[in-house]
Amino acid sequence: DYFQQALSLYRALGNKPGESIILNNLGKVHSDLGDKQVALDYYKQALPIERASGNKVGEAQTMNYIGRVYSHLGDKKTALQYFDQALADYRAMGDKADEALMLNNLGDTYGQMGKTSTAIAYFTRALPIARATGAREFESMILENLGAALSDEGHKQQALEDFNRPLAIERGSGD
């Protein structure tokens, strides 16, 4: 309700940046509530506003959100398209941490499609980028996903090592 009130005010004021932020917030809330289609509708309202204003960071974030919703809805092909677009934008901006996140999201989606070797390739590309940026949360997530993909491919020992690595990171003992 508060987001809807804020959205009405931003629209009345003609404040496009505020409007796109609120649209994304509404999308996140609906996504968290499981209302994926409603979330998608809000994200798709925010995206052209961000594009028109040249807000590349907001545009890339929204494309990531849209990709995640499509993935949850089972439309993996469309999810990959949005993740690819967000990846290109993050690379163009030099945002290495979010580049690693998009590589992870691409790998995760390919893994869900049963394309495990492609997933492993994306995780393998994402991992050194996350490490170089110090994005420990992303690094842990990528290691977990890489371990699961390696396990699916039958590389059990390497998978075990990758599953244990996030625990060592969390405890502060590094690799």
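Each 10 Å bin from 0 upward holds the following percent of the Cα-Cα pairs of the chain: 11, 32, 32, 18, 6, 1.
Taken along the Cα-to-beta-carbon direction at a fixed 7 Å, the label points for Q5 and D41 span 2.2 nm. Considering only protein heavy atoms and a 1.4 Å probe, what is the carbon-and-sulfur percentage of the accessible area of the chain? It is 50 percent, rounded to a whole number. Measuring nothing but how far apart in sequence close Cα pairs (under 8 Å, 6+ apart) lie, relative to its length, the chain scores a relative contact order of 11 percent. Once all protein chains are placed together, E137 keeps about 150 Å² accessible to a 1.4 angstrom probe. Simple rule: put +1 on each Lys or Arg Cβ and -1 on each Asp or Glu Cβ in the chain, find the dipole, and look at P48, F123, A149; the Cα lying farthest toward the positive end is P48.
When the helices of the chain are scored as -39500 (n - 2.57) per DSSP H run of n ≥ 4 and the total is divided over every residue, the value at 222 nm lands at -28500 deg cm²/dmol. The alpha carbons of the range 1-62 stretch over 30, 25, 14 Å along the principal axes, in descending order. Within the listed set A126, A135, A60, the Gaussian network model of the chain (springs between alpha-carbon atoms below 10 Å) gives the highest mean-square fluctuation for A135. Taking 0.36 nm per residue of separation and subtracting the Cα-Cα distance, full extension of the segment from A52 to L73 would add 4.8 nm. About its Cα centre, the range 33-133 has a charge dipole of approximately 260 debye under the convention of +1 per Lys or Arg Cβ and -1 per Asp or Glu Cβ, with nothing else charged.
Solvent exposure of the range 40-95, expressed per residue, is 46 Å² of accessible area, with all protein chains present and a 1.4 angstrom probe. Taking 0.36 nm per residue of separation and subtracting the current Cα-Cα distance, fully stretching the chain between A12 and R125 would add 36.2 nm.
Placing +1 on the Cβ of every Lys and Arg and -1 on the Cβ of every Asp and Glu, with nothing else charged, gives the chain a dipole about its Cα centre of roughly 320 debye.
The values are calculated or read from the model by the stated rules, or taken from the named source; none is laboratory data. What you are looking at is a predicted structure, and each value in this text was computed from that prediction instead of being measured. Don't worry about glycine lacking a Cβ; one is built from the backbone with ideal geometry, like all the others, and counts go over all protein chains shown. Remember, those area values only see protein heavy atoms, side chains included, never the ligands or the DNA or RNA. Shrake-Rupley method; radii C 1.70, N 1.55, O 1.52, S 1.80 Å.
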